[in-house]
1. Calculate, for the stretch 395-434, the solvent-accessible area per residue in square angstrom, rolling a 1.4 angstrom probe over the heavy atoms of the protein chains.
2. Place the peptides 291-299, 412-420, 130-138 in order of packing, highest mean first, counting for every residue the other Cβ atoms within 10 Å and averaging per peptide.
3. Determine, for each peptide in 1-12, 147-158, the mean count of other beta carbons within 10 angstrom over its residues, then list the peptides with the highest first.
4. So for the chain, taking the charge dipole from beta-carbon charges (+1 Lys/Arg, -1 Asp/Glu), which of Y159, P222, T351 sits furthest toward the positive end?
5. Placing unit charges on C-beta atoms (Lys and Arg positive, Asp and Glu negative, everything else neutral), compute the dipole magnitude of the stretch 1-85 about its Cα centre in debye, rounded to 20.
6. Can you bin the stretch 360-401 into rounded, prolate or oblate? Criterion: square roots of the alpha carbon gyration tensor eigenvalues sorted a ≥ b ≥ c, rounded for a/c under 1.5, prolate for a/b above b/c, oblate for the rest.
7. So how strong a dipole does the stretch 155-302 carry about its Cα centre when Lys and Arg Cβ are +1 and Asp and Glu Cβ are -1, to the nearest 20 debye?
8. Which value, in Å², gives the accessible area per residue of the stretch 55-129 when a 1.4 Å probe is used on the protein heavy atoms?
Amino acid sequence: MLLHSTNRNTLDVDFKTAILTGQALDKGLYMLNQIPSLSIDEIFSFRELKLSDIASTIISKLLGDSIPEKNLKLLLKRALNFPVPIQKIDQKDYICYLDKGPTCSFKDFGARSLARIVEYYLKEEDKKIIILTATSGDTGGAVAQAFYEMENINIVVLYPKKEISDLQRKQMTTLGKNVTAIGIDGKFDDCQHLVKTAFADEELKHINLSSANSINIGRLLPQSIYYFWSYSRVADKVGEKVIFSVPSGNFGNLMGGLIAKKMGLPVKKFISAVNENDEFPNFLKTGRYQKVEPSRKCISNAMNVGHPSNLARVIDLYGGQIDEKGIIHQEPNLDEMRRDIASFSITDELTKKTIGQFHQKHGGIVEPHGAVGWAALKIYRNQYPKHAKFKGISLETADPAKFPEEIVSLVGVTPKIPDSLLKIQSKKEFSNEAEIDNYSDFRRFLSKKF
Ligand SMILES: *Cc1c(COP(=O)(O)O)cnc(C)c1O
């Protein structure tokens, strides 16, 4: 199985190369040349399987013979060692909770699977690498925890100092050892830009940089698992179609779903739920792409992305081409995209209102990212009464305890803090190792440290 770069300006590679290098040298993202498919009967039969068995079935189809199935099964079992509950909320709508991993974010899914896959390949290669990653809030913690204490792997995480919560920061800064977390005086997009520039920098080639952002295809593919999983738990009939509402920032979450659909998962519609960073719904509507620059600051902070990197893959999947600057070189099939995906921008005001109303109506608590997803699903329900018969699954991507002030002020209840977060709160933070204002600072730091 080979992968191409979405910029189509470099040679195709195999999985191992794509996973160990992260980003293609032409600054494109690696994307599968072909996507294998499963029958609707096989997909329906997943209702008999455990999460880890569904996971290894899906990933071994995607990776082909790159990792023997027996090894893959074991490493996915270790990676996905937490529950993924699905709860019926009203008549037709469910929430799938992706927040039960060690960092209480859906990013644990991709990050932990990727870490194990990388570890497997590195053992084969006897090689050292540096995982470089930019985070808008949750990726950094998930990646740092996933690779923490692994041999021959160093992790450098860049985060926007002023845009993440204390807890999100502590998930990265309290680890030490092979984890270096650096706060940047800027936005997520600035962090992302530094990382992308480093990957394309020939002078840094010798230190074996790799990415664990949703740029890395190894993080993306495991994100198709929970679509199959949640489908298998709500579908009653072979081939029954469902609607997914997907809180979206860098569009890795959505890409996992789109891959699942290409593999045959019966999906009526994906709802890409974004916050006030509305470049994607605008693009779907008008066919013109304009990034939001600088990105808008919303309470669903892990989704404050004005130019999602995985959009390159979404557009590639629909036959188009967009480069890292956001310039479209080949139009995707917009009609087909619109058939598969609806997208709504949810204001902070509506996000807050949704958190309050959800608590009143259902008793439970959704946090800001999940609330964006839930609000978008409800807008869809209003706009498409004809689709009322299809079940809806809204993804909850973080634990409410990560946003305590917001939740208390909106519902008057303090969310219960999961054990994994409790432990972090009292730990000592390591201080910033470097002041980084521009790319040359960053390059100097990397060359000196590694
Ligand atoms: C990253 C993240 C998202 C968005 O996922 P993308 O893959 O960036 O679209 C949503 N919610 C939470 C809590 C996240 O951390």
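1. Values: 2280 Å² over 40 residues.
Averaged over the residues of the stretch 395-434, the accessible area is 57 Å².
2. Numbers: 291-299: 17.7, 412-420: 13.4, 130-138: 27.0.
The most tightly packed comes first, giving 130-138, 291-299, 412-420.
3. 147-158, 1-12
4. T351
5. Values: 10 positive and 9 negative charges, 65 e Å.
So the dipole magnitude of the stretch 1-85 works out to roughly 320 debye.
6. Details: a/c = 2.47, a/b = 2.07, b/c = 1.19.
Verdict is prolate for the stretch 360-401.
7. Computed about the Cα centre, the dipole is about 540 debye.
8. 42 Å²
The values are calculated or read from the model by the stated rules, or taken from the named source; none is laboratory data. Keep in mind that what you see is a predicted model, and the values were worked out from it rather than measured. Glycine gets a Cβ as well: all are built from the backbone with ideal geometry, and neighbour counts include every protein chain shown. Ligands, DNA and RNA are stripped out before the accessible areas are found, and what is left, the full protein with its side chains, is counted by its heavy atoms. Shrake-Rupley method; radii C 1.70, N 1.55, O 1.52, S 1.80 Å.
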